[in-house]
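Chemist: Supplied in structure tokens, the structure appears directly below.
The values are calculated or read from the model by the stated rules, or taken from the named source; none is laboratory data. Just so it is clear, the structure is predicted and the values come from calculations on it, not from any experiment. Glycine also receives a Cβ, built like all others from the backbone with ideal geometry; neighbour counts cover every protein chain displayed. These accessible areas exclude ligands, DNA and RNA; they are computed on the full protein's heavy atoms, side chains included. Shrake-Rupley method; radii C 1.70, N 1.55, O 1.52, S 1.80 Å.
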Amino acid sequence: DILLDAQSNVASAYADLGQLEKALSMERDIYSDSVQLLGEDHLDTSISANNLARTLCELSRFEETKTLLRKTIPVARRTLGEIKDTTLTMRKTFAEALYRDPGATLADLREAVTTLEDTERIARRVLGGA
């Protein structure tokens, strides 16, 4: 767990330096290792999935982002709950992948809006008005 945390920090540093491909390679390994070592229901696995999804989205790999999050958001909702910040961030990233994709359909855009509105409603309820 400490090793995964350290690797995650290095991957974040690469991303911050704009070395997204290096970050992506590490984040793929971290997510895979998290699933194997901690299980898909663990908070750290959801966090590593979210980090991987963010980098994929930043690299405009929208299909991969959506595929990953379609698999991991339901797990996060079930294990962490709707109101956990990790779950909310994953849903925001999913919506971003939907609306940023140049091949987005009208249905994709509607799903993005619905997801963002729902995420905002939950965040306001939990965190209070901004």
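Chemist: Looking at (1) over 15 Å from the mean Cα position of the chain (by Cα); (2) surrounded by fewer than 14 Cβ atoms within 10 Å (Cβ to Cβ); (3) under 27 Å from Ala112 (Cα atoms), can you tell me which one Leu20 breaks?
Modeler: The one condition Leu20 does not meet is (2).
Chemist: Ok, one more. Please list, ordered by first then second residue, the pairs with beta carbon atoms under 6 Å, 6 or more apart or interchain, first in the range 75-94 and more than 17 Å from Glu64 (Cα to Cα), second basic (Lys, Arg).
Modeler: As it stands, the answer is Thr87/Arg77, since those pairs meet every condition given.
Chemist: Of everything in the range 1-17 that's touching a residue at least 12 places away in the same chain (Cβ under 8 Å) and hydrophobic (A, V, I, L, M, F, W, C), which residue is surrounded by the fewest Cβ atoms within 10 Å (Cβ to Cβ)?
Modeler: Within the range 1-17, the match that is surrounded by the fewest Cβ atoms within 10 Å (Cβ to Cβ) is Val10.
Chemist: Please indicate, with yes or no, whether at least one residue in the range 84-100 is modelled with pLDDT of 95 or more, assigned to a loop (DSSP other than H, G, I, E, B) and either closer than 20 Å to Leu4 by Cα or of a type in the set (Gly, Ala, Ser) (or both).
Modeler: Looking for residues that are modelled with pLDDT of 95 or more, assigned to a loop (DSSP other than H, G, I, E, B) and either closer than 20 Å to Leu4 by Cα or of a type in the set (Gly, Ala, Ser) (or both), one finds none in the range 84-100, hence no.
Chemist: How about the range 88-107: which of its residues are open to solvent by 60 Å² or more (accessible area, probe 1.4 Å) and either hydrophobic (A, V, I, L, M, F, W, C) or under 16 Å from Cys57 (Cα atoms) (or both)?
Modeler: Lys92, Tyr99, Arg100, Pro102, Leu106, Ala107
Chemist: Related question: Only one of Thr79, Thr115 is in contact with a helix residue (DSSP H, G or I) (Cβ under 6 Å, 6 or more places away or on another chain) and open to solvent by less than 70 Å² (accessible area, probe 1.4 Å); which? First the steps, then the outcome.
Modeler: Numbers: Thr79 fails: in contact with a helix residue (DSSP H, G or I) (Cβ under 6 Å, 6 or more places away or on another chain).
Criteria check complete, one pass: Thr115.
Chemist: Hey, can you tell me all the residues within the range 65-83 that are part of a helix (DSSP H, G or I) and of a type in the set (D, E, K, R)?
Modeler: Of everything in the range 65-83, those that are part of a helix (DSSP H, G or I) and of a type in the set (D, E, K, R) turn out to be Lys66, Arg70, Lys71, Arg77, Arg78.
Chemist: For Arg110, are the conditions met, namely being without any contact (Cβ under 8 Å) to a residue 40 or more places away in the chain, open to solvent by 60 Å² or more (accessible area, probe 1.4 Å) and not aliphatic (A, V, I, L, M)? Even if it seems obvious, please write down each step before you answer.
Modeler: Working: without any contact (Cβ under 8 Å) to a residue 40 or more places away in the chain: yes; open to solvent by 60 Å² or more (accessible area, probe 1.4 Å): yes; not aliphatic (A, V, I, L, M): yes.
Yes, satisfied.
Chemist: Next question, about the same structure. What are the residues in the range 1-18 that are under 16 Å from Cys57 (Cβ atoms) and not in a helix (DSSP H, G or I), if any?
Modeler: Gly18, the sole residue that qualifies.
Chemist: While we're here: Taking the range 40-62, which residues are out of contact with any Gly (no Cβ under 9 Å at 6 or more places or on another chain), assigned to a helix (DSSP H, G or I) and more than 16 Å from Thr119 (Cβ to Cβ)?
Modeler: The answer is Leu43, Asp44, Ile47, Ser48, Ala49, Asn51, Leu52, Thr55, Leu56, Glu58.
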